1. Do you know which residues across segment 147-158 are surrounded by 13 or more Cβ atoms within 10 Å (Cβ to Cβ) and either in a helix (DSSP H, G or I) or under 19 Å from the mean Cα position of the chain (by Cα) (or both)?
2. Taking residue 95 as meeting all but one of (1) within 16 Å of the ligand (Cβ to nearest atom); (2) surrounded by 14 or more Cβ atoms within 10 Å (Cβ to Cβ); (3) more than 20 Å from residue 177 (Cα to Cα); (4) among the aliphatic types (A, V, I, L, M), write down the number of the exception.
3. Hey, among the residues in segment 95-124 that are among the hydroxyl-bearing types (Ser, Thr, Tyr) and in a loop (DSSP other than H, G, I, E, B), which one's farthest from residue 73 (Cα to Cα)?
4. Limited to segment 162-179, what total is found for residues that are exposed (fewer than 14 other Cβ atoms within 10 Å of the Cβ) and β-branched (Val, Ile, Thr)?
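Quick note: the coordinates plus some simple rules give every number you see, no bench work behind them. Keep in mind that what you see is a predicted model, and the values were worked out from it rather than measured. Positions of Cβ are generated from backbone atoms using ideal geometry, with glycine treated the same way; all protein chains shown enter the neighbour counts.
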Amino acid sequence: MSNKRAGVFVGSLRRGSYCKSIAKFVSSLAPNNFKMDMIDLSKLAMYNQDLDDDGNPPKEWTEFRAKVKPLDGCLFVTPEYNRSVPAVLKNALDVGSRPYGKNAWDGKAGGIISVSPGSLGAFGANHHLRQPMAFLNILMLQQPEAYIGNVASILNEKGEITSESTRQFLKNYMDAFVKWVDTISDMK
Ligand SMILES: Cc1cc2nc3c(=O)[nH]c(=O)nc-3n(C[C@H](O)[C@H](O)[C@H](O)COP(=O)(O)O)c2cc1C
């Protein structure tokens, strides 16, 4: 496997975010020749097409697009808000997709880990997030799926995963994700 790079996009800005803890753990599992970059979504203003049309997009949008463009893979770690995708993540997808014809996500390999303190594992967010992926042409890993439910019960106060079976599950997920990114990027 040659060197590859994936961005990690977390759909929560919360200080003590469970998703951030899971994202940190899975990032630590990547092999040496596979870089995982946590991409900050907190500075992205809500998408407004006027700013692109006027040729004056915020520098945070331009920087974000420039960070997404060279990635081989995108890993989305997200909670569920009202049975769907949090606005912060959908906004990031929209910002990266424009201006029209310059979709920064095009052709990348993708994966989703959805996370919830509830028992359904943010199933709704996981599957809603798959809908824009078809149009954005992010090629999604189908199996294994990753729904992390009851997350508060498997993290300690430092945000470390205490459940050995969850650690192993996420290790298996990451092995599949790394292989998927490798396969898709080598097809180009
Ligand atoms: C606006 C809002 C809507 C929410 N809707 C859901 C939901 O539909 N399903 C769910 O499992 N949790 C829902 N929650 C609870 C979140 O799963 C919980 O706040 C979780 O900790 C967010 O992830 P984080 O810890 O990474 O910030 C909602 C939380 C907020 C703030």
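1. First pass over segment 147-158, keeping only residues surrounded by 13 or more Cβ atoms within 10 Å (Cβ to Cβ): 147-151, 154-155.
Correct list: 147, 148, 149, 151, 154.
2. The single condition residue 95 does not satisfy is (1).
3. Filtering first and then ranking leaves 119.
4. 1
For every residue, the table says whether it meets (1) over 27 Å from residue 30 (Cα atoms); (2) touching a residue at least 40 places away in the same chain (Cβ under 8 Å); (3) out of contact with any helix residue (DSSP H, G or I) (no Cβ under 9 Å at 6 or more places or on another chain); (4) within 16 Å of the ligand (Cβ to nearest atom).
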position: 65; (1), (2), (3), (4): no, no, no, no
position: 68; (1), (2), (3), (4): no, yes, no, no
position: 77; (1), (2), (3), (4): no, yes, no, yes
position: 82; (1), (2), (3), (4): yes, no, no, yes
position: 102; (1), (2), (3), (4): yes, no, no, no
position: 105; (1), (2), (3), (4): no, no, no, no
position: 158; (1), (2), (3), (4): no, no, no, yes
position: 163; (1), (2), (3), (4): no, no, no, no
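Residues checked against (1) on the phi < 0 side of the Ramachandran plot; (2) touching a strand residue (DSSP E or B) at 6+ places or on another chain (Cβ under 7 Å); (3) surrounded by fewer than 19 Cβ atoms within 10 Å (Cβ to Cβ); (4) touching a residue at least 40 places away in the same chain (Cβ under 8 Å):
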residue: 11; (1), (2), (3), (4): yes, yes, no, yes
residue: 23; (1), (2), (3), (4): yes, yes, no, yes
residue: 38; (1), (2), (3), (4): yes, yes, yes, no
residue: 50; (1), (2), (3), (4): yes, no, yes, no
residue: 59; (1), (2), (3), (4): yes, no, yes, no
